[in-house]
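Have a look at the structure below, then the notes.
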Amino acid sequence: LCQFDLKEKRSFFGQRKDYWDFLCQGLARRRQEHEGVRFVSSLDKLKTPVGRGRAFLRYCLVHRQLAESLQLCLLDPESLREWYYARSPFLSPQSRAEILGILYELDGVTFHLAL
């Protein structure tokens, strides 16, 4: 879902940005620093934004923070339109609410994933 209809963006040095960059930007606007972002940024083995994004999702699942973290990123409609094209379910209020509802239910599941 995070990659579906994501606009192609590039960093200053030409590296392709991905949903990891969207999540970092969204969380930075809402909080001082997210523990998951700090943890994933400290992992030297991760070289790509997709790898960092996957690690962040695993971190959030283990710590039961995925719904809250994603909701914080989805609060700003301008940022969503900056990062996603119109077909993204994140741009539809109904789809966004359904996705977040399911993710909040997922917080009740215990995950044991390698971080």
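Where a number appears in this text, it was derived from the coordinates with a stated rule and is not lab data. Please read these numbers as outputs of a predicted model, since none were measured by experiment. Cβ atoms come from the backbone with ideal geometry, glycine included; neighbour counts cover every protein chain shown.
DSSP loop chymotrypsin sites (Phe, Trp or Tyr not before Pro) in the range 1-81 with at most 12 other Cβ atoms within 10 Å of their Cβ, which ones?
Counting only loop positions with at most 12 other Cβ atoms within 10 Å, the chymotrypsin sites (Phe, Trp or Tyr not before Pro) in the range 1-81 are Phe4, Phe12, Phe13.
Using modelled amide H (1.01 Å from N, peptide plane; none on Pro or chain starts), what sits under 5 Å from the amide H of Lys17, excluding residues fewer than 5 places away?
The answer is Lys9, Arg10, Ser11.
For every helix of n ≥ 4 consecutive DSSP H residues, a contribution of -39,500 (n - 2.57) applies; sum these over the chain, divide by its total residues, and give [θ] at 222 nm rounded to the nearest 500 deg cm²/dmol.
Calculated from helices alone, the mean residue ellipticity at 222 nm is -16000 deg cm²/dmol.
Return the long-range amide H neighbours of Tyr84 (sequence gap of 5 or more, or a different chain), with a cut-off of under 5 Å between placed amide H atoms.
Amide H neighbours of Tyr84, under 5 Å, 5+ apart: Lys7.
Taking the Kirkwood radius as the inverse of the mean 1/r across Cα pairs, report the Rg/Rh of the range 9-106.
0.95
Report the relative contact order of the range 23-111, percent, no decimals, based on alpha-carbon pairs under 8 angstrom and at least 6 residues apart. Intermediate results must be reported in sequence, preceding the final value.
Numbers: 58 pairs, mean separation 28.8, N = 89.
Value for the range 23-111: 32 percent.
Which loop GluC sites (Glu not before Pro) in the range 1-75, with loop taken from DSSP, have no more than 12 other Cβ atoms within 10 angstrom of their Cβ?
Glu8, Glu33
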